[in-house]
Structures are given as structure tokens and as C-alpha cells.
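Scroll down for the structure; my scribbles are underneath it.
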Amino acid sequence: MPFLAKVGGLAILAGAGAAVFFFGGYYSVAGTAEDPAIVTWALTRVRTASIDRHALDQPPASISDAASVQAGAKAFAAHGCTTCHGGPGVTWAKFSEGLHPDPPDLKEVVDHRSPAQLFWVVRNGINMTGMPSFALAGVKDDEIWSIVAFLKKLPGVSEADYKAWTVPVSTSPATPAAPAPPAENK
């Protein structure tokens, strides 16, 4: 029994120490401050466990179709994903270097994530990272799945293909605007 009392006492002291550290303002929330290793470890474990638990959606059969991948590239560019993550031949915006934690280089992580996990992250975002919820921004699930289709192919996508897939559709000569209707006399 004395052993359990000591363990309990140590747990109470550790909890009180953590409370003083975090709630006493000793933990810096500045974007320029490096997190202690234990905080980085804990946040990474919590994020990974949460994604693993909640990423249950099954991808559509069209996830590997070329049309879906190309539509996903267009959506990736249109929704500003390159701002933080870059893309083939596209560097991220300078301000994204100020995000904490740094946005991942998606070419390096997509092979380690399932389509369901990628869908969940894009759809729901991740708290305290700058990754927004695309669903809350009004992006429909089928478009998110096309982004996932593109992400799964991203490591092998060339700059030329990405540029061709993301060029605006209107490449034909501009048609003159119809003349305005005559103003009505009253």
C-alpha cells in the first residue's frame, strides 16, 4: 500500500507541475518558439491517433481514374493548397514558413497515409496547425475525394502534367460580349 501511495503522490505532483507550467504562462505560445520535445511528441501522437480513429470513409471507385486525379489537381490549385504545401513546379508562399508546425511536404507524407486518412484531414482540418476544414469552407465530398486522388499520385506528377491539368479551361479565343439591351424609356 505505501508503494501505491507514493505513485499517487508523484502523479499528483506531476499534474500540479504541468498545470503550473502550462496555465502559469511558462509555456510560450509564440510561433517562433520551439516546442519542448515532449510537447511535440504528445501532439504528434494525439493527432495520429485521432486521424486513425476517425478516418473511416471508403474512397470511391474512381479514386485512381485519370480524370479524377486531374480534377483533383485543379481543385488543389484552385483552393490554394499550393500556398502552404507547394506543388510540382510551384513553391509555397513565403508566409507559410511562419506556420507552426510547418506544413508538410505532401510528396513525402502521402505514401504513408491511406486515402481515408487524407480525406479526413482535408475534410476536417487539423486544430492548431493552420490546416483548415475544407468541408466548412463549402467544398463538397466528391471534390475532396478528387483532391485525395491527386495527392495519392502527387509524388510522381511532373511539373508539365501539373501545369497542363491546372491551366484554366478557357483557352479558346475570347468571344465578344453580347451588346447590352437598349435602355427602356419611361
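The values are calculated or read from the model by the stated rules, or taken from the named source; none is laboratory data. The structure displayed is predicted, hence computed values, not measured ones. No Cβ is skipped: glycine too gets one built from the backbone with ideal geometry, and neighbour counts run over all protein chains shown. SASA here: full protein model, heavy atoms, side chains in, ligands and nucleic acids out. Shrake-Rupley method; radii C 1.70, N 1.55, O 1.52, S 1.80 Å.
Residues in the range 34-60 that are under 22 Å from the mean Cα position of the chain (by Cα), part of a loop (DSSP other than H, G, I, E, B) and not charged (D, E, K, R): A55, L56, Q58, P59, P60.
Tell me which residues, restricted to the range 41-78, are under 21 Å from A160 (Cα atoms) and buried (at least 18 other Cβ atoms within 10 Å of the Cβ). Matches in the range 41-78: S68, V69, Q70, A71, G72, A73, K74, A75, F76, A77.
Of the listed requirements (1) surrounded by 16 or more Cβ atoms within 10 Å (Cβ to Cβ); (2) modelled with pLDDT under 90, P36 misses just one: (1). Listed by position, the helices (runs of 4 or more DSSP H) enclosed by the range 79-135 that each have at least 1 residues that are open to solvent by 60 Å² or more (accessible area, probe 1.4 Å) and acidic (D, E) are 106-109. When A160, A178, A135, A174 are screened for being at pLDDT 95 or above, more than 27 Å from L43 (Cα to Cα) and of a type in the set (G, A, S), only A160 passes. Among the residues in the range 11-24, are any loosely packed, with under 11 Cβ neighbours inside 10 Å and within 20 Å of N127 (Cβ to Cβ)? Yes. Filtering the range 83-107 to residues that are in contact (Cβ under 8 Å) with a residue 40 or more places away in the chain and more than 12 Å from G130 (Cα to Cα) leaves G87, P88, G89, V90, L106, K107. Scanning the range 136-149 for residues that are open to solvent by less than 40 Å² (accessible area, probe 1.4 Å) and in contact with a helix residue (DSSP H, G or I) (Cβ under 6 Å, 6 or more places away or on another chain) returns I144, S146, I147, V148, A149. In this entry, F3 passes the filter for residues that are assigned to a helix (DSSP H, G or I) and surrounded by fewer than 10 Cβ atoms within 10 Å (Cβ to Cβ).
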